[in-house]
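Trainee: Submitted below is the structure of interest, expressed as structure tokens.
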Amino acid sequence: MSAVTQIPMVERVSELRAALDAARRDGGSVGLVPTMGYLHEGHQSLVTRSASENDLTVVSIFVNPLQFAEGEDYGTYPRDLDRDREMCAAAGAGLIFAPPTEEMYPQTPVTAVTVKGLNALLEGRFRPTHFDGVTTVVAKLFALFGPGRAYFGEKDYQQLAIIRRMTADLSFPVEVVGCPTFREPDGLAMSSRNVYLEPDERPAATVLWRSLQAGREAVVQGSRDPDEVEAVMAAVLAAEPKASPDYATVVDAATLDRPDVLDGELRLLVAAHLGRARLIDNVGVDCDRL
Ligand code: PAF
């Protein structure tokens, strides 16, 4: 085993608590990077950021069954713990928490955290139970770790907005840090689910980024009509025969509401199926800074 693979990894809550207690004994700060594993450079950038801002960075690796609906990819979600361990170590993490399902959910949970309204928009229309599963497990992770800061990617923009709102509403003493999306050289947003793309689908997958760029360019060129911007985005998606879009939309960056007239900080978001992969992506544009 090489030196970088020797980062400590614990599976039990009792071991996690002991390690965190030891780290905090001398006033050390704890940063949490919650993940479902099968890490990529985007995850590593969260770890690197956390390591630069906290004394101890802990990465949780847990494929959370609560956020997958019947028929989704819970059973086939990619897993590679040895590689994850090396990537965490290389990025500066000090500890990994990789619990088995029965450690996280010793009994079937009958308690859920719901961020009403925000959980039903956009992704929520296609995955109605998804965000309740995310907020329930993130609330649990916050309770288990008591981190000062927790790091999430902007790639899952709606998730980030929902977690921020949950943190505020429930007064978790956690700073939620959003970090920029990492992209492949051709613009495809890094995602663990990119592994589902067949070789002939991989070039086509850039259509999400191309759609977002076209939509943003329409705003930059002066369009303030959401229908017009969405039509531009939809046209790019429609021109790619391998893509089946779920949505292409523009919303207020803070509320995720769709405005009648585009103004202030906006977020453009797209979702599409390409073969077995369902991909999402987003980009920001600020009308006040054009
Ligand atoms: O973004 C993810 O990987 C997951 O939704 C999260 C935040 C780790 C919760 O399971």
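We did not get these values from a lab; they are worked out from the coordinates using the rules stated. Note that the coordinates shown come from a computational prediction; the quantities given were computed from them, not determined experimentally. Reconstructed Cβ throughout: ideal geometry from the backbone, glycine too, with neighbour counts over all protein chains shown.
Trainee: Using +1 at the Cβ of each Lys and Arg and -1 at the Cβ of each Asp and Glu in region 215-269, identify which of Val236, Leu268, Val219 lies farthest towards the dipole's positive end.
Mentor: Checked the options; the winner is Val236.
Trainee: Give, as a single signed number, the net charge of other residues whose beta carbon lies under 14 Å from the beta carbon of Val137, with Lys and Arg counted +1 and Asp and Glu -1.
Mentor: -2
Trainee: Can I ask one more? Read phi for every residue in region 265-276 and hand back ³J(HN,Hα) as whole Hz from Karplus 6.51 cos²θ - 1.76 cosθ + 1.60, θ = phi - 60°, with x for Gly and Pro.
Mentor: Calculated HN-Hα couplings, in order: 7, 10, 10, 9, 9, 9, 9, 7, 8, 10, x, 7 Hz.
Trainee: Report the extension gain between Ala69 and Glu175 in nm, rounded to one decimal, defined as 0.36 nm multiplied by the number of residues separating them, less their alpha carbon distance.
Mentor: Here the segment from Ala69 to Glu175 would lengthen by 35.2 nm.
Trainee: Quote the charge dipole size of the chain about the Cα centre in Debye, to the nearest 20; the model charges only the Cβ of Lys and Arg (+1) and of Asp and Glu (-1).
Mentor: 520 debye
Trainee: Need one number: convex hull volume per residue for region 1-124, Cα atoms only, in Å³.
Mentor: Roughly 152 Å³ of hull volume per residue.
Trainee: Also, I was wondering about something else. So if R0 is 30 Å, what FRET efficiency would Ser29 and Arg83 give, r being the distance between their Cβ atoms, rounded to the nearest 0.05?
Mentor: Efficiency for this residue pair is about 0.60.
Trainee: Further, regarding this structure: Restricting to Cα atoms and excluding each atom paired with itself, what does the Kirkwood estimate give for region 222-290 in Å?
Mentor: For region 222-290, the Kirkwood estimate is 12.6 Å.
Trainee: Given a Förster distance of 30 angstrom, what is the FRET efficiency for Thr108 paired with Ala254, based on the Cβ-Cβ distance and rounded to 0.05?
Mentor: That pair, Thr108 with Ala254, gives E of 0.25.
Trainee: Using just the alpha carbons, could you tell me how many Å³ per residue the convex hull of the chain encloses?
Mentor: Measuring per residue, one finds 143 Å³ for the Cα hull of the chain.
Trainee: May I have the pair-distance distribution P(r) for region 192-233, computed from all Cα-Cα distances with 10 Å bins from 0 and rounded to whole percent?
Mentor: Going out from 0 Å in 10 Å bins, region 192-233 shows 29, 36, 23, 12 percent.
Trainee: When only DSSP loop residues count, what trypsin sites (Lys or Arg not before Pro) in region 244-290 have their Cβ near at most 13 other Cβ atoms within 10 Å?
Mentor: Arg276
Trainee: So how tilted is helix 157-169 from the main axis of the chain? Cα-based, degrees 0 to 90, rounded to 10.
Mentor: Value to nearest ten degrees: 60.
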